[in-house]
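First the structure, in the form of structure tokens, and then the observations on it.
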Amino acid sequence: MRKLKLDELNRASLSEFKEQDKLPIVVVLDNVRSMHNVGSIFRTCDGFAVEQVCLCGITSQPPHREIEKTALGATQSINWTYYADPIQAVEQLRNEGYTIIAIEQAENSVMLNDFEAQKDKKYALIFGNEVNGVSDEVMQMIDACIEIPQFGTKHSFNIVVSAGIVLWDFLGKLIVNGS
Ligand SMILES: C[S@@+](CC[C@H](N)C(=O)[O-])C[C@H]1O[C@@H](n2cnc3c(N)ncnc32)[C@H](O)[C@@H]1O
């Protein structure tokens with residue numbers, strides 16, 4: 001098989017991307033430490049045409065050389081906001097009508113494969129710190145918690161891998177195969 005050349009991928013230009021419909025999802029980063037993870041989240045959100053990234057707490061903000069190493073320009077295409085306090089971010093998103101969901105391993109979580117995303121809703125998906133996860137205060141404010149099943153020896157996935165899995169699943173449920 002011949003691999004496609006870059007100009008055969010037919011990607012949107014920056015201005016076309018700004019105009020196109022987005023997946024009705026805001027990705028919230030609750031105190032994410034690694035700038036490389038932040039940049040990779042931007043690139044992943046660009047790939048799935050996510051509406052917005054909301055950076056909170058110690059999460060670094062663009063422009064930054066270390067974020068750009070993995071974002072590869074996606075900080076230009078994806079709209080982003082910053083809140084020093086993740087609680088204020090969640091309150092604001094709730095006021096804007098988003099269903100608030102932690103992506104986390106928690107008691108009474110719903111497994112991703114069992115979660116029924118609804119096409120008439122918009123979602124704020126909160127991903128947590130590399131060591132401490134989603135903060136306890138934020139966990140008190142959520143409408144639901146989604147957990148990704150794991151079958152190996154490690155306790156958790158990398159945050160960016162988690163985002164890729166969850167966004168792909170939501171894309172299928174909301175747009176591609178949504179009922
Ligand atoms: C490396 S994990 C944090 C692990 C940390 N030990 C904890 O207590 O949550 C970073 C983030 O990735 C996401 N994550 C990783 N594995 C996950 C899983 N199996 N289900 C849901 N979210 C997961 C969560 O958002 C988590 O806060």
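Classify the stretch 115-170 as rounded, prolate or oblate from the Cα gyration tensor: take a ≥ b ≥ c as the square roots of its eigenvalues, call it rounded if a/c is under 1.5, otherwise prolate when a/b beats b/c and oblate if not. Cα axes put the stretch 115-170 in the oblate bin.
At 222 nm, what value in deg cm²/dmol follows for the chain if DSSP H runs of at least 4 each add -39500 (n - 2.57) and the sum is divided by all its residues, to the nearest 500?
Working: 7 runs with 57 residues, N = 179.
Mean residue ellipticity, 222 nm, calculated: -8500 deg cm²/dmol.
Can you tell me what percent of all Cα-Cα pairs in the stretch 1-78 are more than 13 Å apart?
67 percent
Tally up the carbon and sulfur contribution to the accessible surface of the stretch 1-123 as a whole percent, 1.4 Å probe, everything protein left in place. That share works out to 47 percent.
Where in the stretch 30-137 are there GluC sites (Glu not before Pro) that are in a DSSP coil and have at most 14 other Cβ atoms within 10 angstrom of their Cβ? Passing sites in the stretch 30-137 are 96, 107, 116, 130. Per-residue SASA remark: residue 80, around 80 Å² accessible (1.4 Å probe; ligands, DNA and RNA not included). For the stretch 24-163, the calculated P(r) over all alpha carbon pairs, in 10 Å bins from 0 to the bin holding the longest distance, is 12, 45, 36, 7 percent. Pairwise alpha-carbon distances in the stretch 34-114 exceed 15 Å for 62% of all pairs. When the alpha carbon gyration tensor of the stretch 79-134 is reduced to an equivalent ellipsoid, its three semi-axes come out at 20, 18, 9 angstrom, largest first.
The fraction of Cα-Cα pairs per 10 angstrom bin, counted from 0 for the stretch 24-65, comes to 31, 58, 11 percent, rounded to whole percents. Residues in the stretch 1-130 average 56 Å² of solvent-accessible surface per residue, probe 1.4 Å, ligands and nucleic acids excluded.
The values are calculated or read from the model by the stated rules, or taken from the named source; none is laboratory data. Quick caveat: nothing in here was measured; it's all calculated off a predicted structure. No Cβ is skipped: glycine too gets one built from the backbone with ideal geometry, and neighbour counts run over all protein chains shown. Remember, those area values only see protein heavy atoms, side chains included, never the ligands or the DNA or RNA. Shrake-Rupley method; radii C 1.70, N 1.55, O 1.52, S 1.80 Å.
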